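Written below as structure tokens is the structure these notes are about.
All of the numbers you see were taken from the coordinates with simple rules; none came from a lab. Model, not experiment: these values are computed from the prediction. Quick reminder, even Gly has a Cβ in these numbers, built from the backbone with ideal geometry, and neighbours come from all protein chains shown.
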Amino acid sequence: MSTINVTRDETGKLDGLTDADKKAYARFTNKIKELEPGEIYRLSVWFPRNPKFHRLHWAMITALFDHQEQFADPDALRQWLYVGAGFCDFYPGPKGRMVAIAKSIAWDRLDDEDFADAHAKVLGFARSEHASNFLWPHLSPAEQSEMVNNVLGEFQ
């Protein structure tokens, strides 16, 4: 798979960043121009991560950690949230049963679109009845709902 770094030049036109990118981008645009009706051209696009959104995600996890009673380690909470949100892979465990392992949110693993999707799933799981019951077992359902709204209200 080719990777082409594209930028906008002084005239406002898109072009490759380096000489190699310029050559690859020109080849790409020629392929698009030559595309016949019904032909398919597959594109893979990487949206750069937004550092502010990344910090917001970590602030959400920190806020949950600071207000919950089950985890002594914020990374354990993070992994539990990711698994609960379905942001995980399944592998055979030591006895053959499938075990969920949280996926990485490393900058080189997820682009901004995929990260936003993961954040939304984590937020949805954190708002679930299951998560509330687990994180605040001594609270009534109404108090759990109020707690989750207070903690997560700013992270929508």
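A few comments on the model shown:
- Spin-label model, LEU14 to ARG55: label points 7 Å out along the Cα-to-beta-carbon direction sit 3.0 nm apart.
- With a Förster radius of 41 Å applied to the beta-carbon distance between GLU69 and VAL45, the computed FRET efficiency rounds to 0.45.
- Using the Cβ-Cβ distance between LYS95 and SER145 with R0 = 30 Å, the FRET efficiency computed as 1/(1 + (r/R0)^6) comes to roughly 0.20.
- Options GLN79, GLY96, SER145, ranked by Cα towards positive dipole end of the chain, top entry (Cβ charges): GLY96
- Applying 1/(1 + (r/R0)^6) with r as the Cβ-Cβ distance of ILE4 and THR62 and R0 = 30 angstrom yields a FRET efficiency of 0.20.
- Bins of 10 Å from zero: percent of alpha-carbon pairs in the stretch 51-155: 15, 45, 30, 10, 0
- Once the chain from ALA26 to LEU152 is taken as fully extended at 0.36 nm per residue, the excess over their C-alpha distance is 40.7 nm.
- Relative to one another, the C-alpha centroids of the stretch 1-55 and the stretch 102-151 are positioned 35 Å apart.
- GNM top mover of ARG27, ARG49, ARG127 - the chain, alpha-carbon springs below 10 Å: ARG27
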